[in-house]
């Protein structure tokens with residue numbers, strides 16, 4: 001039984017799902033879009049990816065996909081058996097997704113606007129292919145320089161001295177945070193990501209532990 005994942009490999013939400021499948025040692029195949037029409041064809045409701053085909057059931061949204069994986073294949077679990085710890089892991093997963101996608105979105109919007117010569121309609125189409133549909137003002141580069149390292153420092157504080165977030169075992173909070181920080185996704189998009197991480201050695205060590213448990217073997221770092 002092969003699980004199909006539809007989405008661009010460098011999208012952090014897709015990366016999170018792929019790493020969850022690797023962690024659970026589930027056979028899977030990633031199908032990347034070849035054009036804008038694939039987004040709407042694979043997810044007619046919103047056009048957003050990833051979408052996973054699990055035992056004939058088409059499931060959108062990375063959070064829901066991970067829920068389904070844990071329900072069908074509970075080992076290894078993606079959340080702690082302790083309800084309070086599990087709730088903290090889920091909360092951090094959403095915090096990481098919402099926080100870092102904000103900077104990812106704003107930076108990509110700024111860059112695409114520059115490339116498109118300020119054409120908002122073409123910008124929206126390009127961003128939709130990254131799974132970004134929200135509209136809003138573009139923040140200046142100075143905002144990233146100040147706020148982004150602060151959010152990375154927040155993440156290091158959440159980790160503390162534990163090997164993984166709130167646990168001695170890797171979980172969905174780790175997959176979410178890592179997928180936004182890794183160089184091949186958000187880390188390659190926002191300036192100063194490397195510098196912000198270099199200032200947090202505990203996060204660098206944590207990233208190595210996540211990589212060791214979820215090595216995908218696809219050559220995307």
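Listed here are the residues, each with its yes/no results for (1) in contact with a helix residue (DSSP H, G or I) (Cβ under 6 Å, 6 or more places away or on another chain); (2) not assigned by TED's automatic domain parsing to the domain that holds residue 170.
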| position | (1), (2) |
| --- | --- |
| 17 | yes, yes |
| 21 | no, yes |
| 62 | yes, yes |
| 88 | no, no |
Legend entry - Leading residue by the ranking (modelled with the lowest pLDDT) among those in region 170-183 that are assigned to a loop (DSSP other than H, G, I, E, B) and more than 15 Å from residue 70 (Cα to Cα): 183
Legend entry - Scan of region 47-63 for residues that are exposed (fewer than 15 other Cβ atoms within 10 Å of the Cβ) and in contact (Cβ under 8 Å) with a residue 40 or more places away in the chain, ordered by number: 55
Legend entry - Matching residues, region 8-42, being in contact (Cβ under 8 Å) with a residue 60 or more places away in the chain, assigned to a loop (DSSP other than H, G, I, E, B) and under 22 Å from residue 181 (Cα atoms): 8, 9, 10, 11
Inset, instruction - Go through (1) part of a helix (DSSP H, G or I); (2) at pLDDT below 85 one by one and return the number of the condition residue 117 breaks. - result: (1)
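The values are calculated or read from the model by the stated rules, or taken from the named source; none is laboratory data. What you see is a predicted model, and the numbers here were worked out from it, not measured in a lab. All Cβ positions, even for glycine, are placed from backbone atoms using ideal geometry, and neighbour counts span all protein chains on display.
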